[in-house]
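The values are calculated or read from the model by the stated rules, or taken from the named source; none is laboratory data. Values in this document were obtained by computation on a predicted structure and should not be read as measured data. Cβ placement follows ideal geometry from the backbone for every residue including glycine, while neighbour counts extend to all protein chains displayed. Ligands, DNA and RNA are stripped out before the accessible areas are found, and what is left, the full protein with its side chains, is counted by its heavy atoms. Shrake-Rupley method; radii C 1.70, N 1.55, O 1.52, S 1.80 Å.
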Amino acid sequence: MEARGDLRSILPYLPVVLRGGALFWPPAAQEALKALALGPDVSRVSSGDVLADALADLRLALNLDPLPRRAAEGFALFFDDLLSRAQARDWFDHVVPSLARLLLRLPTLLEGHYRAAADEARGLRILSSQDAGLVLLSQELAAALLACALFCLFPTADRAEARLPAINFDSLFAALCYNSRQSQEQKVRCLVHYFDRVTASTPTGSVSFERKVLPRRPESDGIMYPDMDTWMKSGVPLCKFRVFSSGLIEDEEQEALEVDFANRYLGGGALSRGCVQEEIRFMINPELIVGMLFMVSMEDNEAIEIVGAERFSQYMGYGSSFRFTGDYLDSKPFDAMGRRKTRIVAIDALDCPTRLQFESSGLLREVNKAFCGFLDQSNHQLYAKLVQDLNTKDNCPSVIPDECIGVSTGNWGCGAFGGNPEIKSMIQWIAASQALRSFINYYTFESESLKRLEEVTQWILRHRWTVGELWDMLVEYSSQRLRGDTNEGFLTWLLPKDIPNGSTGCACMAILACI
């Protein structure tokens, strides 16, 4: 075990120790967990207040800093005041002892994981910047790691310097005390429900976490980071585009890459006070949080794809109106690796880009970020051949297999990030098409600026535009915006309202004539 590079990279960030080729809990921590595992009659942990004291003792046994006072108050507030008496009694009588028993098995689960990942290619490790690779975990090990996060047992030293997001739940519970919004309580309810479920019945599947990289320099394998010229010359046909004014990405019925409107630090504010698209997804699919343990923040040419995360909760609302509404039974089928066929891709957009989103550098950054997330680099040789065929044939969409999974997305990088929904919808369409995805299902969330999205996309598809043609139009429009030649939205600019549906607009035809 000592010789394994994957284990050595993650070990400083785990609460267990390695001695004589085996993993152990430090003796004092093991004794404390054994007491918790025996239930409240032995441990005396029968309230949130006492649980916080027990967690403080556990952290002391692991030579960690004291549990922050606000976090202790948050544990007491939630379990003593916000949960019903019946729920709290069940939590302390059954869930806490079960979680302690699961944590006692963590060293064994980790050793089994590393034996199964014999070549280190899928072993739990720090996935650093520009380190393309995959970590495959059992759902049981994921549950044990999440129990560590709940009990705030992960070492925190050097995480910020390593560009790793926070992973312990202390800030999540601390925010209950000074955040009056109901949404914070509801986030905790989602996670408590997850622990109720996994302690009642151990999940048996797997979850994978992959860092995807578009190399900026030539390599022997893989598709490189495209430049402006590559996008302009692309002859790849645009994929199908379906518009939905209602519905949610996570309820997608077709097999598709479901886009996480991510922060460059995976999870964003999930474990603090955030409660928008990414944070909500991490609450209803809590296994996503595990990636925050070992995924270094993303750079412009990187994305993170997570396959197999089970959904456990129903919800309603968004932001301050978010509410946990009950149990969710995930019926997604499993693939050959034991993962549910739920594919979530985290891509971080430019934050408050203003003019930058219309500049060539901003457009290129965003389209390549989406392209990195949507591309399957594992089939790069087949991909390169198909793209070559498409670039030398006259709009031959039949070359792209219909069975290729598509993309389910929406207003990525808009809202709090301040992006332009019309630009972002086109960028994602361009990127998905170049990645040879068979369709985009686009959820507008009733955005006012996207009322003409279906009309415009269907008009483009009828005219059989390629990726390069739409990219050229986007670049031209953006140039006009920067010069002040137009203040119209892209959809209006491309297809003027006074042009009958199906006719050709003057502006776009004049530009296309020069292509």
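Things to note:
- Lysines whose Cα lies under 27 Å from that of Lys240, excluding same-chain neighbours fewer than 8 positions away: Lys212, Lys332, Lys341, Lys369, Lys385, Lys393, Lys424, Lys451, Lys497
- Rounded to the nearest 500, the 222 nm mean residue ellipticity of the chain from helices alone is -12000 deg cm²/dmol, with -39,500 (n - 2.57) taken per DSSP H run of at least 4 residues.
- For a modelled paramagnetic label at Ser479, 7 Å from Cα along Cα-to-Cβ, the residues of segment 214-250 in reach, with backbone nitrogen under 20 Å, are 227-235.
- Here the chain is treated with +1 on each Lys and Arg Cβ and -1 on each Asp and Glu Cβ, and its dipole about the Cα centre works out to around 260 debye.
- Gln182-Ser47 pseudo-label distance in nm [points 7 Å out on the Cα-to-Cβ vector]: 2.7 nm
- Spatially, segment 196-239 and segment 1-29 are offset by 30 Å when compared through their Cα centroids.
- Percent carbon-and-sulfur accessible area, segment 177-256, ignoring ligands, DNA and RNA, probe 1.4 Å: 45 percent
- Percent antiparallel among DSSP beta bridges (both partners in the chain, rounded to 5): 55 percent
- On Cα atoms only, tilt of 139-150 relative to the major axis of the chain in degrees: 70 degrees
- Between the beta carbons of Arg89 and Ala384, assuming R0 = 45 Å, the FRET efficiency works out to 0.15 to the nearest 0.05.
- Distance from the alpha carbon centroid of segment 281-354 to that of segment 451-495 works out to 31 angstrom.
- Selection from Gly406, Gly489, Leu136 lying farthest towards where the dipole of segment 126-496 points positive, charges on Cβ: Gly489
- For segment 55-188: Kirkwood Rh in Å [reciprocal of mean 1/r, alpha carbons]: 16.8 Å
- Crossing angle, helix 27-37 versus the chain [Cα axis fit, 0-90 degrees, rounded to tens]: 90 degrees
- The long axis of helix 48-61 is offset from the longest Cα principal axis of the chain by roughly 90 degrees.
- Hydrodynamic radius (Kirkwood) for segment 126-496, which is based on Cα pairs only, to one decimal in Å: 21.2 Å
- In this rough spin-label picture, where each label sits 7 Å from Cα along the Cβ direction, the Thr392-Glu448 distance is 5.1 nm.
- With both labels modelled 7 Å from their Cα along Cα-to-Cβ, the Ala121 to Glu299 distance reads 2.4 nm.
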